[in-house]
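To start, the structure itself, in structure tokens.
The values are calculated or read from the model by the stated rules, or taken from the named source; none is laboratory data. Here the structure is a predicted model, which means the values were calculated and not measured. Every residue, glycine among them, receives a Cβ derived from its backbone with ideal geometry; neighbour counts consider all protein chains shown.
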Amino acid sequence: MQKVSIVGAGPGDPELITVKGQRLLKEADVVIYAGSLVNPRILEVCRKNAEIFNSASMTLPDVVNKIEESVKADKKVVRLHTGDPAIYGAIQEQMDEFKKRGIEYEVIPGVSSFLATAAALKQEYTLPNISQTVIVTRGAGRTPVPDRESLKSLAQHQATMCIFLSIQMLDKVVEELEAGGYPEDTPIAIVHRASWPEQKIVRATLKDVVEKVKEADIPRQAMIVVGRVLDTEYDLSRLYAPEFAHMFRQASK
Ligand code: SAH
């Protein structure tokens with residue numbers, strides 16, 4: 001019996017999947033991909049006779065049954081998720097089912113979209129004296145978010161926040177961030193389809209972002225990034241300071 005590989009496809013650009021993930025895709029007999037988000041171009045490396053399924057139209061039992069049947073027939077299976085599978089990938093329930101059914105599996109990480117978003121913005125999320133913390137979160141939707149993690153309460157930290165799955169409720173997101181203490185001049189950036197050819201970036205403040213996003217006509221699949229790192233004057237990192245010695249470099253005079 002083969003083992004299943006759960007693979008992070010990366011944010012969209014077919015060159016942003018890992019070397020290992022791409023090798024497994026090339027070798028796969030069966031690929032089940034999260035169709036609403038995975039760039040179909042990533043599948044171009046698959047073998048001509050590979051069986052390819054879009055999980056958008058499948059339930060959890062459909063997916064797991066298909067995988068079970070395939071590994072038992074000694075086929076190599078890749079379950080392909082967008083970005084990194086650990087972030088809003090709904091893989092835990094699949095892995096639990098694999099365990100129950102005695103199916104062996106491995107996880108290959110991917111470039112999450114919140115990092116592809118930083119690259120698109122040419123932005124470091126962790127600047128000295130501004131923020132040294134990145135919060136990855138989402139607004140509550142059909143999947144609830146525990147109260148203690150509401151955007152309003154997380155906003156109190158004024159850390160860099162990457163908000164997934166929430167562009168369709170941007171007005172509510174802004175309201176909560178402001179209620180949590182972000183001033184209305186706090187910079188915010190929206191990146192639609194980071195790393196895809198149709199990538200779009202909107203930069204704004206909490207005050208005018210709703211308006212600007214409406215004008216830019218940003219569809220779903222966008223990342224919201226908020227925090228002072230996006231505008232700011234900051235202290236230089238100690239890592240590269242000339243007078244700062246560390247394990248790999250002596251201080252210069
Ligand atoms: N596992 C994925 C996230 C899946 S949830 C990851 O690690 O990126 C889907 C959400 O991710 C979308 O609603 C959007 O907020 C974000 N997203 C996924 N791909 C994106 C991209 N290329 N650019 C911007 N946001 C993206």
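A few remarks follow.
- If you go through the stretch 99-112 and keep only what is part of a helix (DSSP H, G or I) and touching a residue at least 24 places away in the same chain (Cβ under 8 Å), you end up with just R101.
- Inter-residue pairs, beta-carbon under 6 Å, first touching a residue at least 40 places away in the same chain (Cβ under 8 Å) and in the stretch 113-128, second polar (S, T, N, Q) and more than 11 Å from the ligand (Cβ to nearest atom), 6+ apart: Y125/T160; T126/Q132; P128/S237
- Summed over the stretch 152-170, residues that are more than 11 Å from G227 (Cβ to Cβ) and within 14 Å of the ligand (Cβ to nearest atom) total 7.
- Applying a threshold of 9 Å to beta carbon distances and a minimum spacing of six or more residues, or different chains, the list of pairs starting in the stretch 22-38 at a residue that is in contact (Cβ under 8 Å) with a residue 60 or more places away in the chain and ending at one that is among the β-branched types (V, I, T) reads L24/V7; L24/V78; L24/I108; L37/T82.
- Residue list for the stretch 129-141, filter: in a loop (DSSP other than H, G, I, E, B) and surrounded by 13 or more Cβ atoms within 10 Å (Cβ to Cβ): I130, G139, A140
- The residues on offer are E149, E124, E106, and the sole one that is more than 13 Å from the ligand (Cβ to nearest atom), among the charged types (D, E, K, R), within 22 Å of L37 (Cβ to Cβ) and out of contact with any helix residue (DSSP H, G or I) (no Cβ under 6 Å at 6 or more places or on another chain) is E106.
- For T205, the criteria (1) more than 19 Å from A118 (Cα to Cα); (2) of a type in the set (V, I, T); (3) more than 20 Å from the chain's Cα centre (by Cα) hold in every case but one, which is (1).
- Restricting the first member to the stretch 65-83 and to residues that are within 16 Å of the ligand (Cβ to nearest atom) and part of a loop (DSSP other than H, G, I, E, B), and the second to residues that are modelled with pLDDT under 95 and of a type in the set (A, V, I, L, M), the beta-carbon pairs closer than 7 Å and six or more apart or on different chains are T82/A34; T82/L37; T82/V38.
- Just so you know, in the stretch 203-227 the residues that are assigned to a strand (DSSP E or B) and away from the ligand (no atom under 11 Å from the Cβ) include one that is nearest to L177 (Cα to Cα), and it is V226.
- Here the stretch 187-202 is the region considered, the condition is being within 7 Å of the ligand (Cβ to nearest atom) and assigned to a loop (DSSP other than H, G, I, E, B), and the residue that is surrounded by the most Cβ atoms within 10 Å (Cβ to Cβ) is A194.
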